[in-house]
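The values are calculated or read from the model by the stated rules, or taken from the named source; none is laboratory data. Computed from a predicted model, the values in this text were never measured in an experiment. FYI the Cβ positions are ideal-geometry reconstructions off the backbone, even for glycines, and counts take in every protein chain you see. The area values use the complete protein model at the heavy-atom level, side chains included, leaving out ligands, DNA and RNA. Shrake-Rupley method; radii C 1.70, N 1.55, O 1.52, S 1.80 Å.
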Amino acid sequence: ERRLYCFGSDVAGQLGNGGDNTDAAVPTEVAGGRTDWAAVSAGEFFTCARTTGGDLFCWGSDFFGQLGNDGDNTDVGEPVEVAGGDRFWAEVSAGNEHVCARSRAGRLFCWGHDGSGRLGNDAEIADQDRPAEVAGGSTDWRKVSAGMFHTCALTTTNRLFCFGIDGAGQLGNGAPFTDQATPVEVAGSTTNW
């Protein structure tokens, strides 16, 4: 059995226990009684988790569409399935106000707040309330990590790319602190990340 528990602040329902947004000082089981959770990632005021079968759920704050359920930006205090991908997901990483997830086929999707291009889909900077594929159509993404205002991802050939805000050089591409709305390779063209 793989049950999931959360604890701490529940101001937007990010504990997922279906309660009344009451903080919890002890582990509280996520609503729904699932016993097939495989991975979890907590963002700011929201949480996402993947099942062993590849289904993906999020709960908590949906102010920027970070629940990915194509909803009405209403906070949800229990797991809701991310739109468009039954048994599709291999990995999830929650950032500050956005989420990125890798599909089983190696494709990369992000949703939520797109400030500074952190969703990587090359769109006019616009929030997304459902998964939007990262620009380039690549099918060789192997790992992803969403940061506060940017995202980095590794390919199957061990090349590292980042996108989003670059105000302090966090994209690592050697550019003069320029935000990027599409993946840019980290400087050095290294293939052993």
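Screening Ser145 on (1) part of a strand (DSSP E or B); (2) crowded, with 17+ Cβ neighbours inside 10 Å; (3) not basic (Lys, Arg) shows it passes everything except condition (2).
Looking at region 121-142, which of its residues are among the polar types (S, T, N, Q) and either part of a strand (DSSP E or B) or in contact with a Ser or Thr (Cβ under 6 Å, 6 or more places away or on another chain) (or both)? Scanning region 121-142 gives a single hit, Gln128.
Scanning region 82-108 for residues that are in a loop (DSSP other than H, G, I, E, B) and either hydroxyl-bearing (Ser, Thr, Tyr) or in contact (Cβ under 8 Å) with a residue 40 or more places away in the chain (or both) turns up Val82, Ala83, Gly84, Gly85, Gly95, Asn96, Glu97, Arg104, Gly106. For region 1-39, filtering for residues that are part of a loop (DSSP other than H, G, I, E, B), under 25 Å from Arg102 (Cβ atoms) and open to solvent by 30 Å² or more (accessible area, probe 1.4 Å) leaves 4. In region 40-68, how many residues are part of a strand (DSSP E or B), polar (S, T, N, Q) and either crowded, with 24+ Cβ neighbours inside 10 Å or touching a Cys at 6+ places or on another chain (Cβ under 8 Å) (or both)? Qualifying residue count for the region: 2.
Taking each residue of region 58-81 that is modelled with pLDDT under 95 and looking for partners that are among the aliphatic types (A, V, I, L, M) and part of a loop (DSSP other than H, G, I, E, B) with beta-carbon atoms closer than 6 Å, six or more apart or interchain, yields Asp70/Ala83. Scanning region 84-124 for residues that are under 21 Å from Ile165 (Cβ atoms), of a type in the set (Phe, Trp, Tyr) and open to solvent by 10 Å² or more (accessible area, probe 1.4 Å) turns up just one, Phe109. Checked against (1) crowded, with 19+ Cβ neighbours inside 10 Å; (2) assigned to a helix (DSSP H, G or I), Thr151 passes all but a single condition, namely (2). Looking across region 159-169, the residues that are closer than 22 Å to Thr191 by Cβ and surrounded by 16 or more Cβ atoms within 10 Å (Cβ to Cβ) come down to Arg159, Leu160, Phe161, Cys162, Phe163. Of the residues screened, Ala175 is not one that is crowded, with 21+ Cβ neighbours inside 10 Å and among the aliphatic types (A, V, I, L, M). When you check Asp127 against the structure, is it open to solvent by 30 Å² or more (accessible area, probe 1.4 Å) and under 15 Å from the mean Cα position of the chain (by Cα), yes or no? Taking the combined requirement at face value, the residue satisfies it.
Of note, Thr156 does not satisfy the criterion of being open to solvent by 40 Å² or more (accessible area, probe 1.4 Å), over 22 Å from Gly172 (Cα atoms) and modelled with pLDDT of 95 or more. Of the numbered conditions (1) surrounded by 16 or more Cβ atoms within 10 Å (Cβ to Cβ); (2) within 30 Å of Asp55 (Cβ to Cβ); (3) over 20 Å from the mean Cα position of the chain (by Cα), Ala181 fails exactly one; give the number of that condition. Going through (1) surrounded by 16 or more Cβ atoms within 10 Å (Cβ to Cβ); (2) within 30 Å of Asp55 (Cβ to Cβ); (3) over 20 Å from the mean Cα position of the chain (by Cα) one by one, Ala181 breaks only (3).
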